[in-house]
1. Nearest 5 is fine: what % of DSSP beta bridges in chain A come out antiparallel, could you say?
2. Specify the inter-centroid distance of the stretch A:74-95 and the stretch A:288-318, based on alpha-carbon positions, in whole Å.
3. How many partner chain Cβ atoms sit within 10 Å of a residue's Cβ in peptide B:35-46, on average, as a whole number?
4. Note the per residue figure in Å³ for the convex hull of the C-alpha positions in the stretch A:312-406.
5. For residue B:25, go through the lysines and keep the ones whose alpha-carbon is under 25 Å away, minus same-chain ones fewer than eight residues off.
6. Taking each residue in A:348-357, count the Cβ atoms of any other chain within 10 Å of its Cβ, then average. What number comes out?
7. Mind checking the stretch A:83-132 for GluC sites (Glu not before Pro) that DSSP puts in a loop (not H, G, I, E or B) and that have at most 14 other Cβ atoms within 10 Å?
8. When the dipole is taken about the Cα centre of the protein assembly as shown, and only Lys, Arg (+1) and Asp, Glu (-1) are charged at their Cβ, what size is it in debye, to the nearest 20?
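The values are calculated or read from the model by the stated rules, or taken from the named source; none is laboratory data. Only a predicted model underlies this, so the values are computations on that prediction, with no experimental measurement involved. Every residue, glycine among them, receives a Cβ derived from its backbone with ideal geometry; neighbour counts consider all protein chains shown. Accessible surface is based on the protein model in full, side chains and every heavy atom, while ligands, DNA and RNA are left aside. Shrake-Rupley method; radii C 1.70, N 1.55, O 1.52, S 1.80 Å.
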Amino acid sequence: MSDKKLIYLDNNATTPVDPRVVEAMLPYFTEHFGNAASRNHPFGWAAEGAVDKAREQIAGLIGADPREIIFTSGATEADNLAIKGVAEMYKGKGNHIITLETEHKAVLDTCKKLEKEGCEVTYLKVNRQGLVDLAELEAAIRPTTILVSIMFANNEIGVVQPMKAISDICVKHQVLFMSDATQAVGKIPVDVKELGIHLMAFTGHKMYGPKGVGVLYVSRKGPRVKVTSQMDGGGHERGMRSGTLNVPGIVGMGKACELCAEEMEADATRLSGLRDKLEKELMKVEEVVFNGHTEFRMPHMTNLSFKHVEGEGLMMTFNQNIALSSGSACTSASLEPSYVLKALGLGDDLAHSSLRISLGRFTTEEDIDFAIDAIRTGVNHMRELSPIWEMYQEGVDLDAVQWSEH
Amino acid sequence: MAYSDKLLDHFKKPKNVGTLDKSQKNVGTGLVGAPECGDVMRLQIEVDETSGLIKDAKFKTFGCGSAIASSSLATEWLKGKTLDEASSIDNMDIVEELELPPVKIHCSVLAEDAIKSAIKDYKSKNAE
C-alpha cells in the first residue's frame, strides 16, 4: 500500500478545523486580542462583542437563549461542571444520580468521584443495540434523585437515545436532565427546548471547530437551573465558570456552529450515503457483526466486528494510509477491550475485533472506496494469519475449546 | 503506538506462517492464549528424528502487531535448534530484539509459552 494517501475516518475522536473557522478566529489572536472582561476600553469591547456573537451562533444551533451558554475548556469540563455542580447545588434535595453504563468516561469517572464523596449513582444497563430502557430508568428514580445524565449519541457505536421520552420521565418526577451531547451537536438536529434538556455539554473540536473550547448549556427557565462553580476566580460566566474567556476559541466554536446549522442537513445526507455504501460493502465480508442500532443512530459512522481478527493488528495493515479506531484492548490506555461494546453484551472477543469508522465533512467517495478495499484486504490477510479463523473454517466449536487464559 | 522497524518488518512480512500436520509424530503443537484476551498463538515445530534438530517451525496468531511479530521471530529462532536450545529462549530476548514497549511484554511471554507448549507436546508424543 502506498504511503502517499492519508485518509481520516476517525471524526468521532476529533474533526479537522474548517478553514472558514480558522479564518474567523485569526484576528482574535492578534488584532483583537483583548480580554472580554475588560469593560472599559475598545480592546475589551471588541472581544466581548465577538464572544456575544458566538454565544448567539451557538445558542441558535441548539435552540437555546444566548445567556444559557456557559463557556468551558471542552466537553469534559462541561460534564464535570454539570454533574458536580448539580450535586453540590442540589444536595439539600438529594444525592442520587442516574446515568448509563455506556457514557463517556468524563461522565462515568465524575460520577465515581462523587460516589466517594457520598453520592449514590445508578448505572443503567443498555440493550443489545445500546438503547436505554425507559421503564428501568423510571423505576430507578428515587425521592433523592437529583439528576439523570444520559448521553445524546454514543461515541463508539453512534446510537441516539430517546431524549424527549427521557426528559418526559425526568419532568414528571421533577429531576434535572443533563446530556453529554458531544457527538450529536452539529451533526444532527438538537433543540434543547423541544427535547426538554436542562443541561447539555458539547465541544468545538467534534464539529469542525477548535480544541480547547466547550459549552455547558444551563437552562434559565422551565426549570431555572444553577450549578455550583467548580473553578473559583473572577466570577465569569454568571459565576458558574471563572477564567478568562478563550476568545479565539469561542469565536471559532461560534463560527463552527453557524456552519453546522447551515450545512448539517446536506452533510448528514451525503455522509449517511457514503456510510451506507461502506457498511454494505464491508458486511459482504464473511463473519462480520454490526454493533449498534440500525435506525436510531448517527448518520456518519458505523461500528463493525470482524470475527477472528484482532483490531489493533488489523489496523496496522492499513494505518499508514487510513486513520480509524478499534475497541480492541491493545488500542486502549486501560488494556481492556471497549466497555461500551461489552455493555451491549458482546463477548470480549468481538470487542477486540471491532473497528469504529467515523466519516466527516471532508470525507470523499474516493476515500470510502479506498477504505473498503484496504479494510477488506486487511481482514483477509489477518485471517490467513489467524489460528482461530482456521479452526472456525474447520468447523471447530470455538466456545468449546479449553483456552489457556493468561 | 510507535513500533521498531524490526517489529514492523515481522508484522508486514511475517515469516513461517502456516500449518504443520499435527497428526505427525515428529510435529509438536502449542496453542496458547484465548480469544477473550485478544490473542491466541499457535506455534508448531517439526523435529528431525535423526539429528534431533528443529527442522521447521510454523505459526498462526490472532492478535495485535506485537503478538504477530513475536511469533514470527520465535519461529525464525527455532529453526536449526535442539529442543534444549529452544527451551532456553527467553521472552526477554524477544522483547530486546523487537524493542517491545512495556505494555506489549505479555506478547513475548505468550510466544515463550507457545514454544514451551510445542516442545512439551512433541515430547509427550514421543515418550516411549
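1. On the way: 22 of 41 bridges.
Percentage antiparallel, nearest 5: 55.
2. If you average the Cα positions of each part, the centres end up 34 Å apart.
3. Working: counts 16, 10, 9, 15, 7, 11, 2, 5, 1, 0, 0, 0.
Averaged over the peptide's residues, the number is 6.
4. Details: hull volume 12.9 nm³, N = 95.
Output value, Cα hull per residue: 136 Å³.
5. B:15, B:55, B:58, B:60, B:79, B:81, B:116, B:120, B:123, B:125
6. On the way: counts 5, 7, 2, 2, 8, 3, 0, 0, 0, 0.
The mean count of partner-chain Cβ atoms within 10 Å per residue comes to 3.
7. Working: sites: A:88, A:101, A:103, A:115, A:117, A:120; in loops: A:101, A:103, A:117.
Passing sites in the stretch A:83-132 are A:117.
8. On the way: 59 positive and 77 negative charges, 324 e Å.
Taking the Cα centre of the protein assembly as shown as origin, the dipole is about 1560 debye.
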